[in-house]
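Nothing in this text is a laboratory measurement; each read-out follows from the coordinates by a stated rule. Keep in mind that this is a model prediction, so the values were computed, not measured. Cβ: placed from backbone, ideal geometry, glycine included. Neighbour counts: every protein chain shown.
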There are 2 protein chains.
Amino acid sequence: MKKKRVTLKDLASELGVAISTVSRALKDHPDIDKVLTKKIKTLAQQRNYIPNPLAMGLLRQQTRVIGVIVPDLATYFFSSIISGIEDELQQAGYYIVISSSKETLEKEIECVYNLLNLRIDGLIVCLAQNSNQTDHFRKVLDHDVPLVFFDRVCLEKEVSTVVVDNVSMAKDITTHFFANGARKIAHITGPKHLNIVQERTEGYLKGLAEVGLPFEKEYLIHTDLSTESAALAIRNLLNLPQRPDALLGVNDTVIFGAMKEIKQCGLAIPDDLLLAGFSDEFHATVVEPNLTSVAHPTHDIGRNAAKLILEQIEEEKAIQKKIVLNTALHIRASSLRQKK
Amino acid sequence: MKKKRVTLKDLASELGVAISTVSRALKDHPDIDKVLTKKIKTLAQQRNYIPNPLAMGLLRQQTRVIGVIVPDLATYFFSSIISGIEDELQQAGYYIVISSSKETLEKEIECVYNLLNLRIDGLIVCLAQNSNQTDHFRKVLDHDVPLVFFDRVCLEKEVSTVVVDNVSMAKDITTHFFANGARKIAHITGPKHLNIVQERTEGYLKGLAEVGLPFEKEYLIHTDLSTESAALAIRNLLNLPQRPDALLGVNDTVIFGAMKEIKQCGLAIPDDLLLAGFSDEFHATVVEPNLTSVAHPTHDIGRNAAKLILEQIEEEKAIQKKIVLNTALHIRASSLRQKK
DNA sequence: CTGAAAGCGCTAACAT
DNA sequence: ATGTTAGCGCTTTCAG
């Protein structure tokens, strides 16, 4: 059904020369006569000749396709990272195939094998929420397919990563809460096995220590990052005899969910509860009050992940690298209060 | 650098049979001896043999890749449509390559040619905001590559589309505004050439007519759909001597922007101004007050678009189809007011 | 029942 | 300076 596109053979027979001559002329091989080269190039232009990537791929054993797996497509965080990846890879002549793991390990595994079967030239991944095994990524490594993780990472000893300094950001927010009068600071976070969860929790604890607040076990809640489990967590917190007066979310989405609950309870933000999140979603400045959040350099995260992949593809020796990018704490109304 | 994957040749030489025998056995060709078939299949399994899609593609002149072009990845509307497309195509054994036109015609054209060069087997598109020419899509048709538009469409005579009934939804919101006391209903919309803009405007006008309100020219504002131009539009509306008391946005994003401006002016929603949008983004229930919006069956839009593509790929005759899906008006606090 | 060979589009080593 | 050929991995006649 699809119309056949013009091939080297077509051009060659039209000009009465050999296929290889056309092939060489098109890449300015010095051996080919200048005049002939010109003629061939003109015809190729006219006929709108584009090399068949399938044929090239078969020959070179590469598809020029990079796989990208994200937990979810619908958040600004991931989609702007993807756009960073795209910007970098496109100008290097690569295509990207995006898959969403929908925050599940099963889907993630499926995506990895699917992409591997497609013979991708590289894979960029942000782990799913419950991704707690690494066999599928081992497989990627076994096939010598370049692999890069960003944000949520694993196998750090062997695989290159692009991350931010979660520890210091979580610490900064915690002390910022304190400076704004909070004395009972809670933290809703995600599954324990995720690096970002561990690091942000560590920062939270460091922050508490720095301002001399005790760590209260019931103020630290692990969720599965779903809206429902975040809502449950916040309800539990609000029902505590000693209700917290500040809440740090492991991301903005968790906080958006929390805001609904908090308002439903008739509590005021920031008067009753200071709020801050991570990743500075677009809607942080749409919700009321505007949400304090850690802005990740999303576009740069994407670009850097892409660069790491390209490096690994081009250079033989795959040296493991870890790139730590700077974030910015955007302080907004949700965390600002008269000091007590 | 990448490790060679096992091929038919590998399997054949390991078993001392011909490549073609292995090939046939793997697809249960009746000619091949049952025992041999079994043996070959077992080995293939063991060696983890996966047919090389590049070789298959070259042979069959197809990539099993479907291109998808959306104006923007970061909105729930598009990402959930994509997930619908993915669900349908994946189980049909197709991969999807997503590109973002970033709402510009230039990028859209670039994406189309890029994907065409990749030799995609089909293309699913939602037009960019300023996509007002069709040469690049003509090219797709020229190459006999199946094409489907959704939501924002063009070339409707020749190309299959998946849309919603924008006219009646816009009319319904307009009369709903009226029922809630609004008498000066404004509409911020997009570029005139877009079908959704024309249709929603038509519905708005029909709604006004139905309730007997006159059409005021200054209440209908065309923007380029950017946050900035929406903000400018709302500021102009608010500064009108006869400030509107209801506002219909061509989408939720426009309304989110408007909400910031309205609040900055010290006006109350819904007391001073009723609000409603299109597409029912996730954040419609996060903003304060919750936003009334038309919920599109996003997942279904995606699935249907994918199905149309598959149909066109499978059947020879590419009959043009238009699928109109039902929407639901989600009425929330932003448009509810005591009647005057 | 199984093997050999051609060909999908392209490149590169090897002729001429 | 240009042509010939082999081969990337696979399917599919055509032979045996």
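Values as computed for the structure displayed
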read-out: Length-normalised contact order of segment A:67-198 in % [C-alpha pairs under 8 Å, at least 6 apart]; value: 21
read-out: Anchor A:Lys263: aspartates and glutamates whose Cα lies under 15 Å away (excluding residues fewer than 8 positions away in-chain); value: A:Asp245, A:Asp271, A:Asp272, A:Glu288, B:Glu288
read-out: For B:His330, distant residues with modelled amide H under 5 Å away; value: B:Ser293, B:Val294, B:Ala295
read-out: Segment B:230-324 - convex hull of the alpha-carbon atoms, volume per residue in Å³; value: 116
read-out: Only Lys, Arg (+1) and Asp, Glu (-1) charged, at Cβ; segment B:1-42 dipole about Cα centre in debye; value: 320
read-out: Convex hull of chain B built on C-alpha atoms - directionally averaged projected area, nm²; value: 21.9
read-out: Sequence of A:Ser293, B:Ser100, B:Ser160 once ranked by neighbouring C-beta atoms within 10 Å, starting from the fewest; value: B:Ser100, B:Ser160, A:Ser293
read-out: Reachable lysines from B:Lys34, criterion Cα separation under 28 angstrom, eight or more residues apart if same chain; value: B:Lys9
read-out: Whether segment B:180-287 is rounded, prolate or oblate, judged on the alpha carbon gyration tensor where a/c under 1.5 counts as rounded; value: rounded
read-out: Dimensions in Å of the protein assembly as shown - Rg and Dmax from alpha carbons; value: 28.1, 89
read-out: Cα gyration tensor category, rounded, prolate or oblate, for segment A:75-155 with a/c compared to 1.5; value: oblate
read-out: Proxy reagent accessibility, fewest Cβ within 10 Å first, across A:Val97, B:Val254; value: A:Val97, B:Val254
read-out: Cα extents of segment B:106-263 along the three principal axes, largest first (Å); value: 55, 30, 20
read-out: Under 14 Å from A:Lys4, Cα to Cα: aspartates and glutamates that are on another chain or at least 8 residues apart; value: B:Asp121, B:Asp142, B:Asp144
read-out: Across A:Lys2/B:Lys139; A:Lys321/B:Lys2; A:Lys184/A:Lys206; A:Lys107/A:Lys321; B:Lys102/B:Lys192; A:Lys139/B:Lys3, pairs whose alpha-carbon gap is larger than 22 Å; value: A:Lys107/A:Lys321
read-out: Estimated vicinal HN-Hα couplings, Hz - segment B:36-50 in sequence order (Karplus 6.51, -1.76, 1.60; Gly, Pro = x); value: 4, 3, 4, 4, 5, 4, 4, 4, 4, 4, 4, 6, 6, 6, 10
read-out: Vicinal HN-Hα couplings computed from phi for segment A:245-261 (Karplus, 6.51 cos²θ - 1.76 cosθ + 1.60; Hz; Gly/Pro x); value: 10, 7, 9, 9, x, 6, 7, 5, 4, 4, 6, 4, x, 4, 4, 4, 4
read-out: Two-decimal Rg to Rh for segment B:225-284 - Kirkwood Rh, Cα set; value: 0.93
read-out: P(r), alpha carbons of segment A:116-170 - 5 Å bins starting at zero, rounded %; value: 4, 17, 29, 25, 15, 5, 4, 2
read-out: Cα pair distances of segment B:269-340 binned at 5 Å [whole percent]; value: 3, 15, 19, 14, 11, 10, 8, 7, 6, 4, 2, 1
read-out: Exam field: A:Gly181 pseudo-label spacings to other copies (7 Å along Cα-Cβ), nanometres; value: 3.4
read-out: Nearest-first distances (nm) between copies at A:Ala55, label 7 Å from Cα via Cβ; value: 1.9
read-out: Order of B:Val65, B:Val6, B:Val250 under a 10 Å beta carbon neighbour criterion, fewest first; value: B:Val6, B:Val65, B:Val250
read-out: Long-range amide H partners of A:Gly122 with built H, under 5 Å; value: A:Gly67
read-out: For segment A:8-51, alpha-carbon Rg over 2.2 N^0.38 Å; value: 0.97
read-out: Relative frequency of Cα-Cα separations exceeding 18 Å in segment A:1-144, percent; value: 66
